[in-house]
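Structure first, commentary second.
The values are calculated or read from the model by the stated rules, or taken from the named source; none is laboratory data. Remember, it's a predicted structure, so these values are computed and weren't measured experimentally. Don't worry about glycine lacking a Cβ; one is built from the backbone with ideal geometry, like all the others, and counts go over all protein chains shown.
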Amino acid sequence: MEIWCFLRRRLHSTLCTSVNFLVKTMMIESHDYVPFVNRTNELKLVSELLDEALNSRTTAAIIKGDVGIGKTRLTEKIIEIAREKGFEVGAGEGVKGVKIPFVALSECFSALGIEHLLHAQKPPRVDCVYLMTNKGLLIAKVERANFEIKPEIFTAMLALVNRFVQDSLKMINETTTGGIGRLEYEGWWIVIERLGELNLVTVLSGRETEFLIEDMKNALFNIQKKYGNVLKNWNGDMDLVAGIEDEFKHIITSGKYDGIDYGKGDFAAQRTNLFENVLRGMRRKAAEKPLFIVLENIQWADESTISMLSYLIQNLRDTRLFVLLTARKHEIAESFAEDVVSELVDAGKLVEIELEEMDKENAIRILESIAPGIGASEEAIEAILQEARGNPLFLIEITKYMMQEHELWREDDRWLISKREEHTLPRKIEDIFKKKIAMMDEHMREILECASAIGDVFDPQILSQIFGMDRFDLLRKLRNIEEKYGIIHFSGENCVFEHTIAREVIYHSIPKPMRNVYHERIAEAMEKVYKDKPDGNINRIGYHYHMAGNAGKALPYLLKAIKNAEARFANAEALQYIDYAIELCEKDPELKEIYISLLENKGDLYQITGKYRDAINTYHTLLKFVQTPERIYRKMAECAHARGEYDEGITYIKKALEQIEKSNKEYGRIKLLEGTLYYRKGEVEEAQAIYLEVLSVFEEFGAEERDRALLLNNLGNVYFEKRELKKALDYYRMSLAIREKINDYLSISGSYNNIGIVYRYMHEYSTALAYFQKSLNQSEKCGHIWGMIFPLDNMGELYFAIGELEKSVQTYKTEIGYLKKIENIYALVNTYGKLAKGYAKHGLFDSAMECLVESGSYIIKRDVPLYLASHFLSHVSVYREQEKYERAIEFIEKALLEIKKIKEDQRGKILLLNALSDRADILYLMGKTQEAERICRGVLERFTDAEIAKWAGYIHITYGRLRWESGEINEARGYFRRGVEALCFYGGEYRTACAYMAWGALEKKNGNREEANRLLSQALKMFSMMKIQKKVDEVKKLFD
């Protein structure tokens, strides 16, 4: 190898007549040949996963192992196999210390030609849509009412589209049936989607999204299905295609492509839109050619990349995609990636491959590639293997080191090794690199020291700028380091440390003052080298000035980096840049104002990302510095509210109110939140009094329209809880009117949903469904998944209540699909439970159990008490319907064990009340009346009437039955009445009908036929509406 390197250098110096030619030659990677060994099982497993991906089933794997165990070599081999199978490969890696949003994925996506998907774009505005034939004949068009375009521009545009279509047809294979094109003209973008002989053309401002492309594809598919035969030999007769524009006019009329950012101000909605756009783009790309994404060293990847990968792996189920990750076994345990990887593995979405130490046979094969014939020297083999301990990297490096130090040498045809007591072998891989570095001359060490401060990957241009070296001379020096010491290698335009350990050894050997100087020089060099593309390097420049301790230079870059990260919904990275900036500000009192602003920004980001306790702690620190603390106390109260800590929130509100005058607009906002906290506590009267006070404050001192709309909505909530439905409806409508006026798009969906709920309880079911549908449509337009889940859940319940089981099932399944996307496991378990209960009530027990099995697959390995308790209680409902009471009791006991582990917040209370209510009911049905009565008394003593009415109204029915059997008829009727009133409002139609039936049966038994018939008639009416025949028959028997 050394002779070859020498000859190659001589050849270059003799033949190269141009510096540029030599520079290019030096950029070629140089690697010693080492055989690929000992990974047969792993390759077989990955090959099977690749084949599954080829068959449109997304697969993913992670390779874990110690440093030097062979992860990269195995990955290279897998990439070879994937390419042979026809995969298009995009590779990237996490880089230690680099937390630029999506930086690890950008490299992958760039190789696949889809990097633009990672950038949040301004929403597109579609102005017109044209349907054309491949020959350029216009079939139909839809334009915005206010769209104006000069006739000559329109004609030229159509001509351009026509030429584009004709040219693309000449270039594509005859078997190709679809495809998308994109071109620019006079400030518009023209996007063309083709299917067979048809082309759908959209003219828009902004960049097309994957949502738009998908809508265009679907429209073309529907047109082909409906008009395909007519269009085959169409002669231009417009009567034959009358109404064809109805198939694509929704692209303009739906409001989805009006150029409006509907999710603005809602981090979750905007982030989900970005992720979903990437997902659809990946699906479209994979339809053209199977994709293979490789991401190495995910323990260092930025959180945005990890979150995006998790979303893709979870939701791209039937796509020709294989994702391969690698990670250092011990370092990933301390990273953000660990929890994500564990969840994916537990959910069966990610296959874990852990690399073991190399066995003796394969170790000898590697040694033979370095020192041919060494296999015959048992003494040398044993000595090396004992030191290498089965690690391939250590095996290679230690062998090379021993040969270099003449402790391992060849004499005639034999390999000899010095005596063990004479060895100077390093004990760790780090020591090998230290010895290599010690052998370098001073200038080489300086270059590598500076490179190590840049990072694992470094641009030679930066070093050239810092050391004032000619580019050719620097590249020659770096090539010399590569060939002589193997510490770095060239990769494209950059250089890469052969191993992160080498970089760390060099970097940590630099004295701290010298490190600071290196970082400052690096930042200055980056400013000059990247002056034409500063935006892409703001993060790096800010980081290096920060490491240099230069606040004046670092802060402008870090503040820009924070804004850029927030714009890409990469809040974890934004928080890191904030910490860098705060660290600098803490050292300089003159930067106090910036420090205060950064602290509040940090608290806000914690709040947005659901880290409410961290947010409260940050705001608490901020209180020491602000002149007007009331706003900060309000934010602390918002966080407490989100955590369900309502009393804590009220404490913060009281502190805020001590600091502010009534005439301040912030006063009304604080009081509004106070009312919400009392409402959440169930203190509806107190909440109402506060809201009415806020109403007068707003009228006297003014308020933001958004706050006014929220107040009216909350008053609607109060009147709904008080069962004053007409008043509730009036306030919801007033709130909606304001939200529509100010274009508060996300909140409009909530108003529609609330109005739908009121109509449901007014028994105006068709009107309720219409409003739920409007809510769903509005949220779909905004891309707000949570906003879609609420109306879907209400529609699922209502369809069941009116006997539309098939529609109820389909609606719940749609909701489940969205819940899987956003990985809200608690809501997912509850929705599966509702679906299972719906099946069970109709006697479809196999379908019910299938739901519960699927639900269980999402939670069993997660071992979260909240999830498990909810899951077990769903089993109880199914077994109750089957009259398998012993099994029902078993699952109640399981649920109660999990509930004990949950803190007693609202969700814990609800679960406990439901479990105890179910337990009392089933014990009563089993004839165990004393136990049932003990539980009922315990619940009635422990919980308030409001809590029982809202969450477990059926406990009153069970206790009423028990009182009746004890001969306390009037008292029993009181409990029945309270139970029915609660169930009518909170319990759903099925439980209410069961209550009427139970009460009616006892009245009949007591000889009160008129009252019995009234109650049983109500039960019969409700069961008939739900089309639950078994219960209809049971009620009819009670009439006989």
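Quick notes
- Residue check for Thr399: modelled with pLDDT of 75 or more and either within 22 Å of Glu361 (Cβ to Cβ) or in a loop (DSSP other than H, G, I, E, B) (or both): yes
- Scanning the stretch 797-843 for residues that are out of contact with any helix residue (DSSP H, G or I) (no Cβ under 8 Å at 6 or more places or on another chain), surrounded by fewer than 16 Cβ atoms within 10 Å (Cβ to Cβ) and not in a helix (DSSP H, G or I) yields no hits at all.
- One residue alone among Val201, Val191 is within 32 Å of the chain's Cα centre (by Cα) and buried (at least 18 other Cβ atoms within 10 Å of the Cβ), and that residue is Val191.
- Of the residues making up the stretch 58-84, those that are of a type outside the set (D, E, K, R) and in a helix (DSSP H, G or I) are Thr72, Leu74, Thr75, Ile78, Ile79, Ile81, Ala82.
- Flag if Ser766 is part of a helix (DSSP H, G or I) and over 25 Å from Lys950 (Cβ atoms): yes
- Take the conditions (1) part of a loop (DSSP other than H, G, I, E, B); (2) within 23 Å of the chain's Cα centre (by Cα); Lys135 misses just one of them, which is (2).
Let's see how each residue does on (1) assigned to a helix (DSSP H, G or I); (2) touching a residue at least 12 places away in the same chain (Cβ under 8 Å); (3) over 27 Å from the mean Cα position of the chain (by Cα):
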site	(1), (2), (3)
Met547	yes, yes, yes
Lys560	yes, yes, no
Lys563	yes, no, no
Ala574	yes, yes, no
Gly603	yes, yes, no
Ala615	yes, yes, no
Thr618	yes, yes, no
Lys624	no, no, yes
Cys639	yes, yes, no
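- The listed residue being surrounded by fewer than 21 Cβ atoms within 10 Å (Cβ to Cβ) and touching a residue at least 24 places away in the same chain (Cβ under 8 Å), out of Ile969, Ile957, Ile948: Ile969
- Which numbered condition Ile902 misses (of (1) within 21 Å of Cys994 (Cβ to Cβ); (2) of a type outside the set (Gly, Ala, Ser); (3) in contact with a helix residue (DSSP H, G or I) (Cβ under 8 Å, 6 or more places away or on another chain)): (1)
- Criterion (surrounded by fewer than 23 Cβ atoms within 10 Å (Cβ to Cβ), hydroxyl-bearing (Ser, Thr, Tyr) and more than 36 Å from the chain's Cα centre (by Cα)) met by exactly one of Ser509, Ser597: Ser509
- Of note, Gly552 does not satisfy the criterion of being at pLDDT 90 or above, surrounded by 23 or more Cβ atoms within 10 Å (Cβ to Cβ) and in a helix (DSSP H, G or I).
- A single entry from Glu483, Glu527, Glu504, Glu498 fulfils the requirement of being touching a His at 6+ places or on another chain (Cβ under 9 Å) and either under 30 Å from Phe394 (Cα atoms) or outside the structural domain of Met402 (by TED's automatic domain parsing) (or both): Glu498.
- Residue in the stretch 721-736 that is surrounded by 21 or more Cβ atoms within 10 Å (Cβ to Cβ), at pLDDT below 95, assigned to a helix (DSSP H, G or I) and charged (D, E, K, R) present: no
- Annotation: of all residues in the stretch 482-503 being in a helix (DSSP H, G or I) and touching an Asp or Glu at 6+ places or on another chain (Cβ under 8 Å), the one that is surrounded by the most Cβ atoms within 10 Å (Cβ to Cβ) is Arg503.
- Answer from Gly675, Gly682 - the residue that is closer than 25 Å to Glu648 by Cβ, out of contact with any strand residue (DSSP E or B) (no Cβ under 7 Å at 6 or more places or on another chain), touching a residue at least 24 places away in the same chain (Cβ under 8 Å) and not in a helix (DSSP H, G or I): Gly682
- Residue in the stretch 266-273 that is aliphatic (A, V, I, L, M), in the same structural domain as Tyr311 (by TED's automatic domain parsing) and surrounded by 21 or more Cβ atoms within 10 Å (Cβ to Cβ) present: yes
- Residues satisfying the criterion are absent from the stretch 85-99 (criterion: in contact (Cβ under 8 Å) with a residue 60 or more places away in the chain and assigned to a helix (DSSP H, G or I)).
- Exactly one residue out of Gly90, Gly65, Gly86 is at pLDDT 90 or above, in contact with a strand residue (DSSP E or B) (Cβ under 8 Å, 6 or more places away or on another chain) and either surrounded by fewer than 16 Cβ atoms within 10 Å (Cβ to Cβ) or assigned by TED's automatic domain parsing to the domain that holds Phe292 (or both), and it is Gly90.
- Residue satisfying condition, being over 27 Å from Leu344 (Cβ atoms), modelled with pLDDT of 95 or more and acidic (Asp, Glu), within set Glu941, Glu893: Glu893
- Extreme residue, surrounded by the most Cβ atoms within 10 Å (Cβ to Cβ), among residues of the stretch 357-396 that are assigned to a loop (DSSP other than H, G, I, E, B) and touching a residue at least 40 places away in the same chain (Cβ under 8 Å): Met358
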